[in-house]
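Everything on this sheet refers to the single structure shown next.
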Amino acid sequence: MPEIIRTVADIRALTKTWRLQCLKVGLVATMGALHKGHLSLINHATSECDKVIVSIFVNPKQFSAREDLETYPRNEEQDLTALETFGVSIAYAPPVKEIYGEDFATRIEVGHLTECMCGITRPGFFSGVATVVAKLLNQCEPDRAYFGEKDYQQLLVIRQLVKDLNIPSEIVGCPIIRDENGLALSSRNTYLNDQQRQVAAALFRTLQEAASNLVEGADCREVEKWAANTLKIAGFDDVEYVDIRDGLTLEKTNDINGSKKSARIFGAATLNSTRLIDNVPVEVNAKF
Ligand code: PAF
C-alpha cells in the first residue's frame, strides 16, 4: 500500500528530502474515485519524474450548494488499492480541516478564462479549483503537475494561475481517456447506469461530428445549435452549452480558418442530473 500523508508539515518534510537529493517530483491532483483517466496522468508522471505524489482531496470549495459534494464518490480504501496497482508510493490525503483551517479567508479568482462556459454554469467553481490547486502546489512543490484535457478550461485556468502567481511548477496537460463507446472517463460516470452510458456517449460523437462539419466549412453558430439540438434528441435532459472557442484564449470563434490551429468545440450536458463535459479539437477528427 502507498504511504498516506495527512498533514502539510509531513508532505513538506518529505518533498524537502527529495529535493535535497535532486529528485524530480510529480503531482497528480485528484478528488479520488480513481479511474483509468487518473492512471494515464500517473503514467505520464512516473515516466517523467523520480517521485510521484497523488493527492486525494474532495475540495468543498469547488462545489456549489446545489451540487453533489455530499454524494461525490469517496472510497479511500479502493483508491489506495488502485494506487498500489499503479505503482504509486505516496498518497497525500489531508482532511478538510488541514487544508481549510477555521479562519481560512482567501479565494483566488483567475479572471477572463473563468468568465465563460463552466465559469457561468458553475459559479464559484474555478475560484474553488484555483484556491485548492495553488495550495496543493505550494504544499507539494512539484516540478511538474499533471491535469487531464477533459477539464480543458480548468487546465487553462491552472496554467494562468501558475504563470500569474510565479508558482515554479510546470503544468502538463494529458489527453482525454475514453471508454469503448467514446465517453470521456470521469469519476461522475459512476452515477450512470448502462442505458445512460449509451446516451452519454452521444456527447463525444456529436462533438466529433460537429468538428468535422466545421472543417468542411459549416457556420460556427449553426453548428453549435445543431449540436445542442442533437444532444437533446439523443436523450440529454439539459444542454448547458456547446461552444466553439479558441483553444488558447477561450474566446468565441467565428472563423475556424482564422484559428484553425487551436479551435476547439466544448460541450456540457446533464443526464438524469449527472453533469458531463467533453471537448474535441476542431482540426483533427479525433479517434478512440
Ligand atoms: O479535476 C479535479 O479532479 C479537481 O478539480 C482538482 C484539480 C483535483 C482540484 O480539486
Look through Asp50, Asp10 and report the one residue that is within 16 Å of Ala93 (Cβ to Cβ) and charged (D, E, K, R). Asp10
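Kindly indicate whether Thr121 is among the hydroxyl-bearing types (Ser, Thr, Tyr), more than 14 Å from the chain's Cα centre (by Cα) and surrounded by 20 or more Cβ atoms within 10 Å (Cβ to Cβ).
Judged against the criteria, Thr121 is not a match.
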Pull up the stretch 1-44, narrow it to residues that are within 30 Å of Arg178 (Cα to Cα) and among the basic types (Lys, Arg), then point me to the one that is most open to solvent (accessible area, probe 1.4 Å). Lys36
As an exercise: evaluate Gly37 against (1) away from the ligand (no atom under 13 Å from the Cβ); (2) farther than 22 Å from Val8 by Cβ; (3) of a type in the set (Gly, Ala, Ser); (4) at pLDDT 95 or above and give the number of the one condition it does not meet. (1)
Surrounded by fewer than 16 Cβ atoms within 10 Å (Cβ to Cβ) and within 14 Å of the ligand (Cβ to nearest atom), is that true of Val132? no
Show the residue pairs meeting these rules: Cβ distance below 9 Å; 6+ apart or different chains; first residue within the stretch 90-116 and on the phi < 0 side of the Ramachandran plot; second residue assigned to a strand (DSSP E or B) and acidic (Asp, Glu). Ile90/Glu3; Ala91/Glu3; Cys116/Asp243
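To keep it simple, each residue is scored yes or no on (1) under 20 Å from the mean Cα position of the chain (by Cα); (2) surrounded by fewer than 19 Cβ atoms within 10 Å (Cβ to Cβ); (3) within 15 Å of the ligand (Cβ to nearest atom).
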{"site": "Thr46", "(1), (2), (3)": "yes, yes, no"}
{"site": "Cys49", "(1), (2), (3)": "no, no, no"}
{"site": "Ile53", "(1), (2), (3)": "yes, no, yes"}
{"site": "Phe57", "(1), (2), (3)": "yes, no, yes"}
{"site": "Asp79", "(1), (2), (3)": "yes, no, yes"}
{"site": "Ala105", "(1), (2), (3)": "no, yes, no"}
{"site": "Gly111", "(1), (2), (3)": "yes, yes, no"}
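Being within 29 Å of Thr206 (Cα to Cα), among the charged types (D, E, K, R) and touching a helix residue (DSSP H, G or I) at 6+ places or on another chain (Cβ under 8 Å) narrows it down to one of Lys135, Lys150, so name that one. Please lay out each step first, then the result.
Values: Lys135 fails: within 29 Å of Thr206 (Cα to Cα).
Matching residue, one of Lys135, Lys150: Lys150.
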Spot the failing condition for Cys118; the list is (1) closer than 20 Å to Ser55 by Cα; (2) within 11 Å of the ligand (Cβ to nearest atom), and only one is missed. (1)
Answer residue from the stretch 137-187, given it is open to solvent by 10 Å² or more (accessible area, probe 1.4 Å) and of a type in the set (Phe, Trp, Tyr) and is nearest to the ligand (Cβ to nearest atom) among those: Phe147
Return yes or no: is Val28 more than 15 Å from the ligand (Cβ to nearest atom) and either of a type in the set (Gly, Ala, Ser) or under 21 Å from Ala130 (Cβ atoms) (or both)? no
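The values are calculated or read from the model by the stated rules, or taken from the named source; none is laboratory data. What you are looking at is a predicted structure, and each value in this text was computed from that prediction instead of being measured. Neighbour counts are summed over all protein chains in view; Cβ atoms, including those assigned to glycine, are modelled from backbone coordinates with ideal geometry. Ligands, DNA and RNA are excluded from the accessible area calculation, which covers all protein heavy atoms including side chains. Shrake-Rupley method; radii C 1.70, N 1.55, O 1.52, S 1.80 Å.
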